[in-house]
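Read the structure below first, then the notes.
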Amino acid sequence: GIELGKLLAQTGYITYDPGFVNTGSTSSAITYIDGDAGILRYRGYPIEQLAQNSNFIEVSYLLIYGELPTKDQLEDFTQKINRHTLLHEDLKRFFDGFPRDAHPMPVLSSAVSALSTFYQDSLNPFDEPNVELSTVRLLAKVPTLAAYAYKKSIGQPFLYPDNSLGLVENFLRMTFGLPAEPYEIDPDVAKALDLLFILHADHEQNCSTSTVRLVGSSEANLFASISAGIMALFGPLHGGANSAVLEMLQGIKADGGDVAKFVERVKNKEKGVRLMGFGHRVYKNYDPRAKIIKKTADQILSKLGNDELLDIAKTLEETALSDDYFIERKLYPNVDFYTGLIYRALGFPTQYFTVLFALGRLPGWIAHWREMITDPQTKIGRPRQIYTGEKERDYTPITER
Ligand code: ACO
């Protein structure tokens, strides 16, 4: 394929593929998806088995290093991450500069970008120990940054990380805890969040991961590339869909709960009306992550208090799955259809959902950047175009226009 591509480029042929529906931009050994069969595997392990038996730190290790860690490797990895959760005090002051109602995604992206100013001595993408250090710093500090973005938005003081806690527990405490007050971690809440992070951890060449790889292909450092990935995830057709689903469900509720009426609006292709959380570029079957999440949504919501929006979501899913419009187009629930409901039950505000997606996707982005930078086939990403503008014409003086 690569040789054929090179040959075609030499002969002047260009493949026109808007949205890269059929263009393989790279080879990769990280994640396998069979969209027709609804299969997802990280490094060969089925997502169902990882969801059942693993945890987010272990899955992060698996994605980045290619194998499940031994007990010692896992302990060492966890310890390294715990040692790097603190932020430089100067970095904390960045948060003062943003408006209080700023969306937390650009705040997070800016803060991650700023990390490259604090660690300027370790940005060489080809120096393995540096890349290792940047990897650990990101995994450790992004949860702290994410928690601070939240605290800033509600005007509460920042909490220092407590490194005796696990990554997810520490993040929950920094997000919802208060200084000088004990914060009791609900193990079911921590488990649900850990599971959601596992399910979001990688999804091969999606928009944000491709962004990370493309930016990194110019040999930009890991922090810069991840910061760009966070911004790609911000969009409502990608990571922003989890917030959009909740807003859609709230809209249906406010409009009297008439699901059929909403589905008609979707089918009539009213501008800006899509069934959010449905459809996927690759899955033409039920998204395997959505299946797992649906179960968790049931469990966590029955524990933390039922939510009328869950009933609306279920009716919406049933209605869509038996409607020809959705059947013909092979539109099924994706990972985001039920996640927003769980995040809401856990106490996160809607704007913050996409930040949670970013936390989960972080190890996947890192794994792809590292795979890209060490792949001898990597070249700077530089797509071609089909020019549709004016033919050559002569400059007209302003008095004659
Ligand atoms: N609601 C209604 N119609 C839809 C939807 C939807 N959610 N998704 C696709 N369609 C329709 C399109 O209108 C199109 O119909 P047409 O053939 O009559 O023109 C057909 O299905 C094909 O859709 P495309 O937009 O060409 O599919 P594409 O692969 O480009 O888009 C996407 C995939 C962006 C995920 C789309 O399904 C969508 O917008 N879904 C809603 C947003 C969402 O949930 N995003 C999260 C994706 S998963 C993730 O990032 C974690």
Report summary line: Two pseudo-spin positions, 7 Å from Cα along C-beta at E264 and at T378, lie apart in nanometres by 5.3
Requested in this report: Set the Förster radius R0 to 35 Å, insert the Cβ-Cβ distance between Y395 and R83 as r into 1/(1 + (r/R0)^6), and round the FRET efficiency to 0.05.
Outcome: 0.05
Query - Positive-pole candidate from H103, H88, P125, dipole of region 81-133, charges at beta carbon - result: H103
**Report entry** Kirkwood hydrodynamic radius over Cα pairs of region 63-180, then Stokes diffusion coefficient at 25 °C and 0.890 mPa s, in µm²/s
**Finding:** 161
Query raised in the report: What is the distance in Å between the Cα centres of region 139-191 and region 1-44?
Result: 39
Query raised in the report: How large is ³J(HN,Hα) for each residue in region 272-282, as worked out from phi by the Karplus curve 6.51 cos²θ - 1.76 cosθ + 1.60 (θ = phi - 60°), to whole Hz, x for Gly and Pro?
Result: x, 10, 10, 7, 5, x, 10, x, 7, 4, 9
Requested in this report: Write down the Å³ per residue value for the convex hull defined by the alpha carbon atoms of region 105-247.
Outcome: 135
Report summary line: In the chain, taking the dipole from +1 charges on Lys and Arg beta carbons and -1 charges on Asp and Glu beta carbons about the Cα centre, the listed residue (G364, F176, P397) farthest towards the positive end is P397
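I'm checking a number: the convex hull volume of the Cα atoms of the chain, normalised per residue, in Å³. What is it? Walk me through the numbers on the way to the answer.
Details: hull volume 82.3 nm³, N = 401.
Here the figure is 205 Å³ per residue.
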Query - Residue-averaged [θ]222 nm for the chain, counting only DSSP H segments that reach four residues, each worth -39500 (n - 2.57) - result: -17500 deg cm²/dmol
Query raised in the report: Under a point-charge model restricted to the Cβ atoms of Lys and Arg (+1) and Asp and Glu (-1), what is the dipole moment magnitude of region 279-401 relative to its Cα centre, in debye to the nearest 20?
Result: 560
Requested in this report: Report the residue, chosen from F234, F20, F357, that carries the largest GNM mean-square fluctuation when the chain is represented by alpha-carbon nodes joined by springs under 10 Å.
Outcome: F20
Requested in this report: Return the whole-Å distance between the Cα centroid of region 281-339 and the Cα centroid of region 99-124.
Outcome: 34
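If Rh is defined by the Kirkwood formula over all Cα pairs and Rg also comes from Cα, what ratio Rg/Rh do you get for region 164-272?
Values: Rg = 19.2 Å, Rh = 17.5 Å.
Rounded to two decimals, Rg/Rh equals 1.09.
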Query raised in the report: Given a Förster distance of 30 angstrom, what is the FRET efficiency for K314 paired with S25, based on the Cβ-Cβ distance and rounded to 0.05?
Result: 0.20
Query - Net +/- balance of residues flanking K267 in space, Cβ distance below 10 Å, scoring K and R +1, D and E -1 - result: -2
Query raised in the report: How many nm is it between the label spots at K191 and Q299, if each spot is 7 Å from the Cα in line with the beta carbon?
Result: 0.5
Report summary line: Under Stokes-Einstein, region 1-120 at 4 °C and 1.567 mPa s, with its Kirkwood radius over C-alpha pairs, diffuses with a coefficient in µm²/s of 68
Report summary line: Given all pairs of distinct Cα atoms, region 17-82 yields a Kirkwood Rh in Å of 13.7
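Quick check: convex hull of the Cα atoms in region 236-304, volume per residue, rounded to a whole Å³?
Working: hull volume 8.3 nm³, N = 69.
Spelled out: Cα convex hull of region 236-304, divided by residues, is 121 Å³.
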**Report entry** Two-decimal log10 I(q)/I(0) for region 198-338, as the Debye equation yields it once each C-alpha is a single scatterer, q = 0.10, 0.18, 0.20, 0.21 Å⁻¹
**Finding:** -0.39, -1.07, -1.23, -1.31
Query raised in the report: Which ³J(HN,Hα) values in Hz, rounded to whole numbers, follow from the phi angles of region 367-374 under the Karplus curve 6.51 cos²θ - 1.76 cosθ + 1.60, where θ = phi - 60° and Gly and Pro get x?
Result: 4, 5, 4, 5, 5, 4, 6, 9
**Report entry** Along principal axes, Cα extents of region 256-382, largest first, whole Å
**Finding:** 56, 37, 25
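Every number here is computed from the coordinates shown, using simple stated rules; none is lab data. Only a predicted model underlies this, so the values are computations on that prediction, with no experimental measurement involved. Backbone-built Cβ (ideal geometry, glycine too); neighbour counts: all protein chains shown.
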